[in-house]
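The values are calculated or read from the model by the stated rules, or taken from the named source; none is laboratory data. The shown structure was predicted, so the numbers you read here are calculated from the model rather than taken from an experiment. Cβ atoms come from the backbone with ideal geometry, glycine included; neighbour counts cover every protein chain shown. With ligands, DNA and RNA removed, areas are computed over all heavy atoms of the protein, side chains included. Shrake-Rupley method; radii C 1.70, N 1.55, O 1.52, S 1.80 Å.
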Amino acid sequence: MASSSATISSLGAQAALVSKPKNHGISGTKASSSISFGLGSSFLGKTASLRASVTTRFAPKAKPVARILPEASYKVAVLGAAGGIGQPLGLLIKMSPLVSELRLYDIANVKGVAADLSHCNTPSQVMDFTGPAELASCLKGVDVVVIPAGVPRKPGMTRDDLFNINAGIVKSLIEAVADNCPEAFIHIISNPVNSTVPIAAEILKQKGVYNPKKLFGVSTLDVVRANTFVAQKKGLKLIDVDVPVVGGHAGITILPLLSKTRPSVTFTDEETEELTKRIQNAGTEVVEAKAGAGSATLSMAYAAARFVESSLRALAGDPDVYECTYVQSELTELPFFASRVKLGKNGVESIISSDLEGLTEYEANALEALKPELKASIEKGIEFAHKQQGAAASV
């Protein structure tokens, strides 16, 4: 039986009403729609960069909504909560004033993580669940499921090397999601995302509960890195920088559209190639720097928390939530593709096609070059799910 590790903490200040500034078009003018909270309940505090980073900056024009009253009313489950990504991710989600319950699941060592997080004086109640016998209880009635479960990359290991282990983990967890919270937003972090999202889609189809609007591959880290590297390279104020990243979430399938950077900035051919390669290989940069001690866990947790917060804002009724994410898509001939989407209460409301218009020659060539690899990864995931279904049927 899962145990509750905390009760709802009393906050000294109530969440303030949300003030929504005037919005502007995608032509280059900033469109801001952050949610602001009082000091006592702010997500990472009044001056937090993460709170600012989830601000929608360059989005298509939408009707402004003057005020939203945020409430701690959403239940979030983290599957793989005791791992290198899961622990810092749990901490960041615990800091969100929109979360009422934070449910932490892992096959071991999760009780201590939950006990530790329960001491943070933010509204959400922390609950721990250990092992497959408690997974269903963890998932009942949740609004958002985040899945960082799996083995991390090690030096010399490609994302495809992770496939056989992580594919099986994702399969079993998604089966439980389908049975217990089929209406939840599902955030897939487990690598290789290019394959694990198609696996999840096929499992949900087999269960008869697939909703493509609610299944997301979390590619936010590519955007976070692109924004950081471009701001550093060009001496820009980081909070103002927004670089859409499309394609997939591995190697050359990661395509930062530098020509679409806001605020508008020019790059030499050398800068474009250098930045693109660095963004594509940033995961390897961290793996090598950690020298066998792990992969990009902290930055991944940060990016995943940003995507969770965006999802919660969308569920809360914020009409101006845009993120890049890897989803079922008709933007290209590929069945799954990462691009900017508009999020709403029911998941993906629309896919922003304008980002793929007017690409530079470099970007257009890179887009065509990534398609075969991304296609192969998608097909690998679908084939895995079908094989598993066939094996189960033959037993």
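For Thr122, list long-range residues whose amide hydrogen, built 1.01 Å from N in the peptide plane, is under 5 Å from its own amide hydrogen.
Ser9
Add +1 for every Lys or Arg and -1 for every Asp or Glu among the other residues with Cβ under 9 Å from the Cβ of Tyr362, and state the total.
Taking every Cβ under 9 Å from that of Tyr362, the sum is -4.
Each label point is 7 Å from the Cα along the Cα-to-Cβ direction; what then is the distance between the points at Ala392 and Ser353, in nm?
Each label point lies 7 Å from its Cα, and together they span 3.6 nm.
Counting only residues 5 or more places away or on other chains, whose amide H sits under 5 Å from the amide H of Asp242 once H atoms are built in the peptide plane?
Counting only residues 5 or more places away or on other chains, the set is Arg262.
Of all the accessible heavy-atom surface of segment 74-393, with the other protein chains kept in place and a 1.4 Å probe, what percent is carbon and sulfur?
With neighbouring chains kept in place, the figure for segment 74-393 is 52 percent.
Just for segment 74-393, what percent of DSSP beta bridges are antiparallel, to the closest 5?
Percentage antiparallel, nearest 5: 45.
Around Ala115, under 13 Å between beta carbons, what's the net of Lys plus Arg minus Asp minus Glu among the other residues?
Around Ala115, the charge tally is 0.
Run the quick spin-label model on Glu373 and Glu273: label points 7 Å from Cα toward the beta carbon, then report their separation in nm to one decimal.
Computed distance between label sites Glu373 and Glu273 equals 1.6 nm.
Count the net charge of all other residues whose Cβ sits under 14 Å from the Cβ of Glu183, scoring Lys and Arg as +1 and Asp and Glu as -1.
It works out to a net charge of +4.
Over all distinct Cα pairs, what is the inverse of the mean 1/r for segment 74-393, reported as the Kirkwood hydrodynamic radius in Å?
In segment 74-393 this quantity evaluates to 19.7 Å.
How much length would be gained if the chain were fully extended between Lys207 and Gln232, taking 0.36 nm per residue of separation minus their Cα-Cα distance, in nm to one decimal?
4.4 nm
With label points built 7 Å along Cα→Cβ from the Cα atoms of Glu361 and Ser172, find their separation and express it in nm.
Calculated label separation equals 5.2 nm.
Which whole-Hz couplings ³J(HN,Hα) result when phi for each residue of segment 358-375 is put into the Karplus expression 6.51 cos²θ - 1.76 cosθ + 1.60, θ = phi - 60°, listed in order with x for Gly and Pro?
Couplings: x, 5, 6, 4, 4, 5, 5, 5, 5, 4, 5, 5, 7, 4, x, 5, 5, 4 Hz.
List, in the order given, every pair from Lys94/Lys207; Lys237/Lys260; Lys171/Lys375; Lys94/Lys260; Lys94/Lys233; Lys94/Lys214 whose Cα-Cα distance in the structure shown is over 25 Å.
In this structure, Lys94/Lys207; Lys94/Lys260; Lys94/Lys233 lie more than 25 Å apart at Cα.
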